[in-house]
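The values are calculated or read from the model by the stated rules, or taken from the named source; none is laboratory data. Being a predicted model, the structure only gives us computed values, none of them experimental. When we count neighbours, we look across all protein chains shown, and the Cβ atoms used for this are built from the backbone with ideal geometry, even at glycine. Heavy atoms of the whole protein, side chains included, go into the accessibility calculation; ligands, DNA and RNA do not. Shrake-Rupley method; radii C 1.70, N 1.55, O 1.52, S 1.80 Å.
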Amino acid sequence: MSSTLTGRRAPKLWWNVLGLLVFVTAGFPLYWMLNTAFKPAKDAIDPDPSLLPTGLTFDNFGRALDIADFWGPVGRSLVVSLAVVVIGMVVGLLAALAISRFAFRGRKIVIVGILAVQMVPLVAMIIPVFLLLNDLGQYDRLTGLIITYLTFILPFTVWTLRGFIVNIPKELEEAAMVDGCSRTGAFLRVVFPLLAPGMVATSVYGFIQAWNEYLYALMLLSQKNQTATVWLGNFTTKHGTEYAPMMAGATMMAVPIVALFLLVQRKMAAGLTAGAVKG
């Protein structure tokens, strides 16, 4: 009996060890960023760095704020990210609803096209996007960057929301319409509450993608309009890289993402749990 229990626990133990290794591998860069941000600057460039914190200082954060304007790039990143999320969710939700609920000519082609767009490397489109925005007078403007981000975030939004909508039975809408609701009313009262967790998850992904994007922000905006990710480049000069202030700046940049996740995670869990109950 004991040998049987031991045999059953062995695979579980190995899975736990594997999960722990994945956690350590994924979490170590975050730990090293925080460790470098709070350690003295001279220790950050030590050729034989210590894995454990060697000291605690907040001077790196002051230095990061002194090197270049911080709040301007962060504010522009927030504007761009929020605009991308709002526009992407409105357009993406309508497109996903049309693809999943209505039959029309060319529907499969649209679905394949959405998948094909996501397969194109972003770096391959940088020159065409630059030329197009320059012709439209949108170069070095936040509106041009927002439009650019929508080109690769919107397809993912449509595809993800389509998957959530397809999993919601049509019979729920039909029952609401039989009870007197219009198609719009049935969607708002029945489908939309069940779709809320998926919309939150998709919005968080879109926000993170827009917030962390670097290549297009670097190529399409001048220094006076730079976003937060490009702002980190100010720590690399001809005299070298100031790693400790750079990690302090990266830590400050991560705060909005962490705050957003902490804000919505409970709502996501509550929505998923509520939608899982039938009867």
Nitroxide proxy distance, nm - points 7 Å out along Cα→Cβ at residue 189 and residue 20: 5.4 nm
Around residue 68: net Lys/Arg minus Asp/Glu count, Cβ-Cβ under 15 Å: 0
Helical segments meeting 20 Å axial Cα length and Kyte-Doolittle 1.6 threshold in the chain (DSSP H): 71-101, 142-166
Which of 177, 247, 253 is most accessible, then next, and so on - probe 1.4 Å: 177, 247, 253
Segment 168-239 - percent of accessible surface contributed by carbon and sulfur, probe 1.4 Å: 60 percent
Charge tally in the Cβ shell below 13 Å around residue 230, where Lys, Arg are +1 and Asp, Glu are -1, residue 230 excluded: -1
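What's the tally of Lys pairs in the chain whose alpha-carbon atoms lie under 20 angstrom apart, where the two lysines are 8 or more places apart or on different chains?
Summing the qualifying lysine pairs gives 4.
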Sites residue 123 and residue 166 - FRET efficiency at Förster radius 41 Å, r taken between beta-carbons, to 0.05: 0.80
Highest-MSF residue in the chain out of 73, 197, 128 [GNM, Cα springs under 10 Å]: 128
Label corresponding to semi-axes √(5λ) of the Cα gyration tensor in Å when calculated from the structure given, among (1) 31, 23, 19; (2) 40, 31, 17; (3) 27, 23, 20: (2)
Cα gyration tensor shape for segment 41-126, rounded if a/c is under 1.5, else prolate or oblate: prolate
Mean residue ellipticity (222 nm) of the chain, computed from DSSP H runs ≥ 4 via -39,500 (n - 2.57), nearest 500: -24500 deg cm²/dmol
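Determine the dipole magnitude for segment 70-220: charges of +1 sit on the beta-carbon of Lys and Arg, -1 on that of Asp and Glu, nothing else is charged, the reference point is the Cα centre, and the result goes in debye to the nearest 20. Intermediate values should be presented prior to the final figure.
Working: 10 positive and 7 negative charges, 53 e Å.
Charge dipole of segment 70-220: 260 debye, to the nearest 20.
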Proximal charge balance of residue 244 [Cβ under 12 Å; K/R count +1, D/E count -1]: -1
Segment 173-240 versus segment 10-24: alpha-carbon centroid distance in Å: 33 Å
Gained length - residue 115 relative to residue 94, 0.36 nm times residue gap less alpha-carbon distance: 5.8 nm
Total charge dipole magnitude, the chain, about the Cα centre, Cβ charges on Lys, Arg, Asp, Glu only, Debye to nearest 20: 1000 debye
